[in-house]
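A.B. asks: I am attaching a structure below and will ask some questions about it afterwards.
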Amino acid sequence: QVQLVESGGGLVQAGGSLRLSCAASGRTFSSYAVGWFRQAPGQEREFVAAINWSGGITSYADSGKGRFTISRDNAKNTVYLQMNSLKPEDTAVYYCAAGLYSTIVGLDPPEYWGQGTQVTVSS
């Protein structure tokens, strides 16, 4: 069993930066891939970024390429999402999820989800 808790969201002006954290409990966290997803009001949840268990493989949605960086520290059981050059359209609730890498980047949902953290970007 893995429990995930996101933090680091908040209100920021366009062009600003935020770093989201996803802290996990569970001895096997380092064996899971982790992804960040987001859901804006009235829209479906969408994939943002993924990282495999070792941190050696990452993947990004086109919307975040060049602006977002996903990383992990398995010693701290934490995954990060550094978001730079934020835009109003990045406003959403951001969720982290853990599971097989194929579920993070594929159609099947990952096994474990956090409760989300709100990111609001003002223009």
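A.B. asks: Return the sequence-ordered ³J(HN,Hα) values of the stretch 90-105 in whole Hz as given by the Karplus equation 6.51 cos²θ - 1.76 cosθ + 1.60 applied to θ = phi - 60°, using x for Gly and Pro.
C.D. replies: Karplus values, whole Hz, x for Gly and Pro: 7, 4, 4, 8, 9, 10, 9, 9, 10, x, 5, 4, 5, 7, 5, 9.
A.B. asks: With n ≥ 4 as the cut-off for DSSP H runs, can you work out [θ] at 222 nm for the chain, using -39500 (n - 2.57) per run divided by the number of residues, rounded to the nearest 500? Walk me through the intermediate numbers first.
C.D. replies: Details: 1 runs with 5 residues, N = 123.
One gets -1000 deg cm²/dmol as the mean residue ellipticity at 222 nm.
A.B. asks: Only four residue types carry charge here, +1 at the Cβ of Lys and Arg and -1 at the Cβ of Asp and Glu. Report the dipole size of the chain about the Cα centre in Debye, rounded to the nearest 20. Intermediate values should be presented prior to the final figure.
C.D. replies: Working: 9 positive and 9 negative charges, 67 e Å.
Here the chain has a charge dipole of around 320 debye.
A.B. asks: Further question on the same structure: At a Förster radius of 22 Å, what calculated FRET efficiency corresponds to the Cβ-Cβ distance of Ala14 and Gln39, to the nearest 0.05? Working shown, then result.
C.D. replies: Working: r = 20 Å, r/R0 = 0.91.
In this case the efficiency is close to 0.65.
A.B. asks: Let me ask something else about it. Give the percent of DSSP beta bridges with both residues in the chain that are antiparallel, rounded to the nearest 5. Numbers along the way, then the final one.
C.D. replies: Details: 37 of 41 bridges.
Bridges in the chain that DSSP calls antiparallel: roughly 90 percent.
A.B. asks: Okay, next question. For the pair Lys87/Glu111, report the inter-label distance in nm, with labels modelled 7 Å from Cα in the Cβ direction.
C.D. replies: 3.6 nm
A.B. asks: OK, next. Give the carbon-plus-sulfur fraction of the accessible surface of the chain in %, rounded to a whole number; probe 1.4 Å, heavy atoms of protein chains only.
C.D. replies: Details: 3060 of 6410 Å².
Carbon and sulfur: 48 percent of the exposed surface of the chain.
The values are calculated or read from the model by the stated rules, or taken from the named source; none is laboratory data. Just so it is clear, the model here is predicted, and its values are computed rather than measured. Note: ideal-geometry Cβ built from the backbone for every residue, glycine included; neighbour counts use all protein chains shown. With ligands, DNA and RNA removed, areas are computed over all heavy atoms of the protein, side chains included. Shrake-Rupley method; radii C 1.70, N 1.55, O 1.52, S 1.80 Å.
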